[in-house]
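Enquirer: Sharing a structure here in structure tokens format.
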Amino acid sequence: MAVTLSDKAQPVEPGDLENVQPGYLGTTPPLGPPPTKGERRWIDRPDQLLQAIQMLKQSSVIAIDAEFTQVRSFTPRAGTTAAPTSISSNRLALLQLAIDHYCFIVDAWRLGDLSPLASVTANPEITILLHGAGADMQVMAERGISVAHYCDLEAASRSIFGQHESSLAAMLQRAFNVRLDKSLQRTDWTRRPLPTAMVSYAARDAEMTLALHYWLDEHYHWALQLHEHTGQQEAVPTWMEPFLHGTLPVPTEVAISEASGIQELLSEEELYADCRTALATLVQPMRRNRLLRLIADLSLMQLAPEIEPLLYAQASEERAAAARTLSRLHASQAEELIRPLLRDPVYEVRKAAQTALRNLNSQSQRQQPQRLAPTRLAGGVRSWTVGETSGAASDEDESEWKARLRALMDE
């Protein structure tokens, strides 16, 4: 569902382009009731873990939080006498799992085998709730705990309120007027026995995550849906997936050249068609934002009209990314559509609109670059350049087109 201007912004006033206020400026739903503390159970024996698993299986949603410690290891450098390479990694120390009325604090430091928990976390019928999924998912996977179906509450909160308002502490203040004490966050979680205060601290984050999920589900169900992961991603052309996954180790033009070498991309028309289809089918904001960055990198200017509706997307990061992309595509016709975002409730969107408008204003003083034009070189290789193709290119021209497509596809 699109967001109208009246839903998310006030009228633009003179001077808004120069004065972008920090913070979230929108409205917030009523406070929820303070989260209640359930029964907390310490788990450090295999039989206790199996009992906890039987109770966890009865719940459709489970909030999980992890405490880990940093471990430093040293790897010898092959063939040299140099000092070993130091590598830091995270090691799981505690795993907290909260359901209604119960929270299980699993001693991952003492329990050698945590894989039985996978019978819960790998069940697609159970939604795992995480606030910032990245590090927790990684340390869990290293202990054999796979997750089939999860929702990242931090990402959902970011889509609503912006990056600087999405921490667990900020969200609990907003949802329940609860102040979150993070004083023990960097304590030594490997010490045993753990003091009662540390056990309570660990359990509380999982319990609070569960309570926050219920509040978000009541008021912002759409955001939870956007950031729900079931392992089934929207189908896109194979060449595009590394861009959307965020694992691309090489520049854009190199990656697309490699894709063309295996006949995955044959023409500029197909490039446009693939990106146009992906724009219509992608749902997750992070993947759509990476697609917008790809479109800007490739200067696919004809897609500007299809990007303009994203300026009114529900997810704040999509509104910001659309403004940035239209600016990079030199879409001067979108200036009046971007201007209302100067009064968007989310700070990052206001900043993106400010930067985009400044760029479009400065671009209007210069000649806009022409569309990508293919030139066939020796051996059938097609080269893509922006602007005139004859004569020596200036350093400025080089910087414009070199970051895009330089050497594409054997046919």
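Enquirer: Using a cut-off of 11 Å between beta-carbons, work out the net charge of the residues near ILE145 (Lys and Arg +1, Asp and Glu -1, ILE145 not included).
Expert: Working: positive: ARG143; negative: ASP113, ASP136, GLU142.
Cβ neighbours under 11 Å give a net charge of -2.
Enquirer: Using a 7 Å offset from the Cα along the Cα-to-Cβ direction at both GLU336 and GLU18, what is the distance between the two label points in nm, to one decimal?
Expert: Output for this residue pair reads 2.5 nm.
Enquirer: I would also like to ask the following. Report the gain in length on full extension from GLU228 to LYS182: 0.36 nm times residue separation, minus Cα-Cα distance, nm rounded to one decimal. Let's see the in-between values first.
Expert: Numbers: separation 46, 0.36 × 46 = 16.56 nm, distance 2.68 nm.
Length gained between GLU228 and LYS182: 13.9 nm.
Enquirer: Convert each backbone phi in the range 219-229 into a coupling constant with the Karplus relation 6.51 cos²θ - 1.76 cosθ + 1.60 (shift: θ = phi - 60°), then list the ³J(HN,Hα) values in order as whole Hz, x for Gly and Pro.
Expert: Once θ is set to phi - 60°, the couplings for the range 219-229 become 10, 9, 4, 4, 5, 5, 4, 4, 10, 8, 10 Hz.
Enquirer: With labels modelled as points extended 7 Å from the Cα through the Cβ direction, what inter-label distance (nm, one decimal) is found for THR28 paired with GLU306?
Expert: Computed distance between label sites THR28 and GLU306 equals 3.9 nm.
Enquirer: Stretched out fully, how many nm does the piece from THR190 to THR238 gain, at 0.36 nm a residue minus the Cα gap? Walk me through the numbers on the way to the answer.
Expert: Numbers: separation 48, 0.36 × 48 = 17.28 nm, distance 4.34 nm.
Full-extension gain reported as 12.9 nm.
Enquirer: Quick one: which residues, 5 or more positions from ASN90 or on another chain, have an amide H under 5 Å from its amide H? H modelled 1.01 Å from N in the peptide plane, none for Pro or chain starts.
Expert: For ASN90, whose amide H was placed from the backbone, the distant partners under 5 Å are VAL71.
Enquirer: Mind ranking 133-141, 293-301, 175-183 by how tightly packed they are, going by the mean number of other C-beta atoms within 10 angstrom, highest first?
Expert: On the way: 133-141: 18.0, 293-301: 20.8, 175-183: 13.7.
In decreasing order of mean packing, 133-141, 293-301, 175-183 become 293-301, 133-141, 175-183.
Enquirer: Return the FRET efficiency for the residue pair ASP47, GLN173: r is the Cβ-Cβ distance, R0 is 35 Å, and the value is rounded to the nearest 0.05.
Expert: Details: r = 40 Å, r/R0 = 1.13.
Working from the Cβ atoms, E equals 0.30.
Where a number appears in this text, it was derived from the coordinates with a stated rule and is not lab data. If you're wondering where the values come from, they're calculated on a predicted model, not measured in any experiment. Every residue, glycine as well, gets a Cβ built from its backbone with ideal geometry; the counts of neighbours run over all protein chains shown.
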